[in-house]
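Asker: The structure's right below; bear with me while I get my questions together.
The values are calculated or read from the model by the stated rules, or taken from the named source; none is laboratory data. Keep in mind that what you see is a predicted model, and the values were worked out from it rather than measured. Every residue, glycine as well, gets a Cβ built from its backbone with ideal geometry; the counts of neighbours run over all protein chains shown.
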């Protein structure tokens, strides 16, 4: 079977898998290509970039914590997050036992993202931050922002390495071009 490499903008309240016993929306509702698997997941309430492939080596490099690569998230938090909280996220292990590496975190203006199927309620002020991780544990970003006192309201994975969700709308997917595949492989230390 020919290798397949896909970028998908996972919408809010869609599972990062192809089956579900509770009849919730899954990847099969959006992606008609058989035999591809998700390299990493996003939780049900998170949105953004998923990378799917049938290339086992690529999946292993993207999911094994031994192989370090970046993932960048755009995060809407409850409240106006001060510089001190951002600095803690960047310079401290704010969630011991879950977080093992430092992040790169900055305050950003509200990004131009597609509307979510269920908008974040706007009864209180919010702010946006960008967090770049080199690890990815279950609910890590949500737990980290809550640990500094600013719970996550909306979480969008913008990129995995150099691959971004830019140009896709929620529910859309596309095949990676040759240059993107080659660059990802090089970045992950997979031969030419």
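Asker: Taking helices (runs of 4 or more DSSP H) that do not extend beyond the stretch 83-188, which have at least 3 residues that are under 12 Å from residue 73 (Cβ atoms) and out of contact with any helix residue (DSSP H, G or I) (no Cβ under 7 Å at 6 or more places or on another chain)? Spell out how you get there, then give the answer.
Answerer: Values: elements: 83-91, 140-147, 178-187.
Result: 140-147.
Asker: Looking only at the stretch 128-142, decide whether some residue is more than 20 Å from residue 99 (Cβ to Cβ) and surrounded by 16 or more Cβ atoms within 10 Å (Cβ to Cβ). Before the answer, list the steps.
Answerer: Filtering the stretch 128-142 down to residues more than 20 Å from residue 99 (Cβ to Cβ) leaves 128.
Adding the requirement that they be surrounded by 16 or more Cβ atoms within 10 Å (Cβ to Cβ) leaves 128.
Yes, there is a match, as at least one residue in the stretch 128-142 is more than 20 Å from residue 99 (Cβ to Cβ) and surrounded by 16 or more Cβ atoms within 10 Å (Cβ to Cβ).
Asker: Give the residue, chosen from 48, 136, that is in contact with a strand residue (DSSP E or B) (Cβ under 7 Å, 6 or more places away or on another chain), under 25 Å from residue 9 (Cβ atoms) and modelled with pLDDT of 95 or more. Outline the logic, then answer.
Answerer: Values: 136 fails: modelled with pLDDT of 95 or more.
When all the criteria are applied, what remains is 48.
Asker: If I go through the stretch 54-74 residue by residue, how many of them are touching a helix residue (DSSP H, G or I) at 6+ places or on another chain (Cβ under 6 Å) and buried (at least 19 other Cβ atoms within 10 Å of the Cβ)?
Answerer: Residues flagged as touching a helix residue (DSSP H, G or I) at 6+ places or on another chain (Cβ under 6 Å) and buried (at least 19 other Cβ atoms within 10 Å of the Cβ) within the stretch 54-74 amount to 1.
Asker: Given the condition over 17 Å from residue 143 (Cβ atoms) and in the same structural domain as residue 118 (by TED's automatic domain parsing), answer yes or no: does some residue in the stretch 53-61 qualify?
Answerer: no
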